[in-house]
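One structure below.
The values are calculated or read from the model by the stated rules, or taken from the named source; none is laboratory data. No experiment lies behind these values; they were computed from the predicted model shown. No Cβ is skipped: glycine too gets one built from the backbone with ideal geometry, and neighbour counts run over all protein chains shown.
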Amino acid sequence: MDQLRTLRINNRNDLYSTLQFVRDFYPNKSQEDIRRIFEIQTQTQFQGRIPEVSGNMSVQQGSGQVATNAQVTTQAIFVTDPYKADINPATDSGQKLFLKATAELDEKKKFDMIMDNSQKFIDLVTTDAQSFGWGELVYGIPVSISGTTVGTKNMLDKYAEIALDMILSQAYRTWGSKTATVADPVPNDHVICDLDAASDQDDKKTFFRRVKSRMIAKRIKGYLKLSDWNTLKNQADKFTWTSAEGDEYDGPTMLWILINVVNPEIKVTVNDLKKQITTARSKMFGHNVKKLTDFMSTKLREIKEKGGSHEDFLLHLYEALESVPNEDFKA
């Protein structure tokens, strides 16, 4: 607020510069709060909606002067989807995008987080990730070997290959340290570092990264029934980051936990094993009955090892044996 008090308001351009600064200085304030702060500082009252402000403007820290073409500039960005651009919920357009992307599911459509719903859950998450531009926070999880980044993985396709430490490392870069790398250990206290998005370009990028993470977190929470949300909170130490202003939830970490709760890989694998039993036929094994029955028995054992069952196994075994020609029947 001290920086705001030192601004010199000489003309209309300064008014617009001040409005831009107030928006940047309070990125999480509502439109009405921005209006009140602006009017207090400038003794100027806007009639109707506060106008959007753009241009190459920023505030030099400690100088009390509004400068042009300084550290942070606003440049035109061309995208085919608004969710692929940076979103600032403090603006009218940003707020609309944020609210749409974080809307809760209707209570009747919320999930029971059980294995039977695993594929349905993955399908919804995949759709939302594409629709709301979750980007690298979901599609580009850094993978490291001995502290060196060797590539990235898509959480929705390669979740079994992504370990908790990879997810926490990404969250640390979002909330704890904008310069963090995969080689940096993640502190246990999960403290949010301060940002100066108004005058530091890297901080501004991190701010928009945090917005995206928060959008994911709110959307994920909106999937869940109260009982499942309470269950997820049992692991809140993994996805909660704290500051003097309150806690923040890291959306990608929440998503990773839920994927592991419903364990879709096991569900998909069991279904695949059942399909292999259902489609097994004599011709596939050269009409060798022993090879055929050994194959089907092995798949049934693998299903049971994964906690599944196959009640129709005997029926499918009979169907498979029926496919053996009498003249080619081999023991």
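Can you find a residue in the range 236-251 that is aromatic (Phe, Trp, Tyr) and under 25 Å from LEU321 (Cβ atoms)? No - not one qualifying residue is present in the range 236-251.
Residue selection: MET284 fails the criterion of being in contact with a helix residue (DSSP H, G or I) (Cβ under 7 Å, 6 or more places away or on another chain) and part of a helix (DSSP H, G or I). Filter the range 226-259 down to the residues that are free of Cβ contacts under 8 Å to residues at least 24 places away in the same chain, in a strand (DSSP E or B) and either not charged (D, E, K, R) or not assigned by TED's automatic domain parsing to the domain that holds ASP106 (or both) and list them by number. Matches in the range 226-259: GLY246 only. Remark: GLY140 falls outside the filter, which requires a residue to be of a type outside the set (Val, Ile, Thr), more than 16 Å from ILE257 (Cβ to Cβ) and at pLDDT 95 or above.
Pairs meeting the criteria (first residue in the range 200-220 and in contact (Cβ under 8 Å) with a residue 40 or more places away in the chain, second residue of a type in the set (S, T, N, Q) and assigned to a helix (DSSP H, G or I), beta carbons under 6 Å, at least 6 apart or on different chains) are ARG209/THR174; SER213/THR174. Go through the range 218-230 and give me each residue that's under 18 Å from ASP86 (Cα atoms) and crowded, with 21+ Cβ neighbours inside 10 Å. Within the range 218-230, ARG219 is the sole residue that qualifies. Please determine whether any residue of the range 262-271 is in contact (Cβ under 8 Å) with a residue 12 or more places away in the chain and closer than 25 Å to GLY133 by Cβ. The answer is yes, given that some residue of the range 262-271 is in contact (Cβ under 8 Å) with a residue 12 or more places away in the chain and closer than 25 Å to GLY133 by Cβ.
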